[in-house]
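Notes for the one structure printed next.
The values are calculated or read from the model by the stated rules, or taken from the named source; none is laboratory data. Because the structure is predicted, anything quoted here is derived from the model rather than measured. In this analysis, Cβ positions are derived from the backbone assuming ideal geometry, glycine residues included, and neighbour counts consider all displayed protein chains.
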Amino acid sequence: MDGTRTAGRPLRADAERSVRAILEAAERVLTEDATASMEQIAEAAGVARTTVHRRFASRQALIDALADSAVRQLVQAIDDGRPDTTPPLVALHRITANVLRIKGSWGFALAQTHAPESPAAQAQQDITNRCMDLLARMRDKGLLDPAADLDWVRRVYYALIGEAVQDGAAGAEPDALATRVVDTLLYGLGARGGDRPAAR
């Protein structure tokens, strides 16, 4: 795992569980207090302080590993939606629900910035590219206006997800929120059916 002293070597199952417990605790603790110490994170994870220091060379290394782990989960969430083979509208809904679950659980980690050449930054760029590919498939299937600016559509989609995450924090279900996001993206908020009002 990037940022750990065990980087480059596979972790034993018990060590893997320990690292996951530390990362989950770090997300909880740092969400409450972004200045929290390694000792506070260790206490929340139920492990010795030395265990955290053995797995992570520094507090920043822990935060970097937390961010990398969250981005990898986002990549997996997209993979699980099968954007290249599933009908695009189905894929969009599945991916949206999956992403909302991850963002709802790993908000602090996903808010971190990454060095341009870091694995996390490259993964984020890959996510953007795959989103653009899916939107292009939707346009080709007639689900988006042929003249739609896909980068604008992507930015609106991301903004809608950001708003849906707030509702998710209040207890709304990811599947229902995904339907709201997709419906708003494709149909907007105007009245459906009939003639579209003329622009003034």
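Data overview
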| read-out | value |
| --- | --- |
| Tally, over region 17-39, of residues that are in a helix (DSSP H, G or I) and of a type in the set (Ser, Thr, Tyr) | 2 |
| First in region 172-186 and free of Cβ contacts under 8 Å to residues at least 12 places away in the same chain, second anywhere and of a type in the set (A, V, I, L, M, F, W, C), Cβ under 8 Å, 6 or more apart | Ala172/Ala164 |
| Qualifying residue in region 108-126 (condition: under 10 Å from the mean Cα position of the chain (by Cα), surrounded by 20 or more Cβ atoms within 10 Å (Cβ to Cβ) and not in a helix (DSSP H, G or I)) | no |
| Residues of region 43-58 that turn out to be outside any helix (DSSP H, G or I), at negative phi and surrounded by fewer than 19 Cβ atoms within 10 Å (Cβ to Cβ), as a count | 4 |
| Close pairs (8 angstrom Cβ cut-off, 6 or more residues apart or separate chains): free of Cβ contacts under 8 Å to residues at least 60 places away in the same chain in region 87-114, of a type in the set (Gly, Ala, Ser) and surrounded by fewer than 18 Cβ atoms within 10 Å (Cβ to Cβ) anywhere | His114/Ala121 |
| Answer residue from region 10-25, given it is touching a strand residue (DSSP E or B) at 6+ places or on another chain (Cβ under 9 Å) and at pLDDT 85 or above and is surrounded by the fewest Cβ atoms within 10 Å (Cβ to Cβ) among those | Val19 |
| Exclusive hit being surrounded by 19 or more Cβ atoms within 10 Å (Cβ to Cβ) and at pLDDT 95 or above, set Val90, Val29 | Val29 |
| Verdict on Ala65 being assigned by TED's automatic domain parsing to the domain that holds Leu185, surrounded by 15 or more Cβ atoms within 10 Å (Cβ to Cβ) and part of a helix (DSSP H, G or I) | no |
| Residues of region 157-194 satisfying the condition of being surrounded by 12 or more Cβ atoms within 10 Å (Cβ to Cβ), assigned to a helix (DSSP H, G or I) and among the aliphatic types (A, V, I, L, M) | Ala159, Leu160, Ile161, Ala164, Val165, Ala176, Leu177, Ala178, Val181, Val182, Leu185, Leu186 |
| Residue check for Asp133: of a type in the set (Asp, Glu) and outside any helix (DSSP H, G or I) | no |
| Single unsatisfied condition, Leu143 versus (1) surrounded by 12 or more Cβ atoms within 10 Å (Cβ to Cβ); (2) assigned to a helix (DSSP H, G or I) | (2) |
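Rundown of residues vs (1) outside the structural domain of Tyr157 (by TED's automatic domain parsing); (2) charged (D, E, K, R), yes/no style:
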residue: Ala13; (1), (2): yes, no
residue: Glu16; (1), (2): yes, yes
residue: Ala21; (1), (2): yes, no
residue: Gln40; (1), (2): yes, no
residue: Glu43; (1), (2): yes, yes
residue: Ala77; (1), (2): no, no
residue: Asp84; (1), (2): no, yes
residue: Ala91; (1), (2): no, no
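Quick grid of which residues meet (1) over 16 Å from the mean Cα position of the chain (by Cα); (2) assigned to a helix (DSSP H, G or I):
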position: Ile41; (1), (2): yes, yes
position: Gln60; (1), (2): yes, yes
position: Ala70; (1), (2): no, yes
position: Asp84; (1), (2): yes, no
position: Leu89; (1), (2): yes, yes
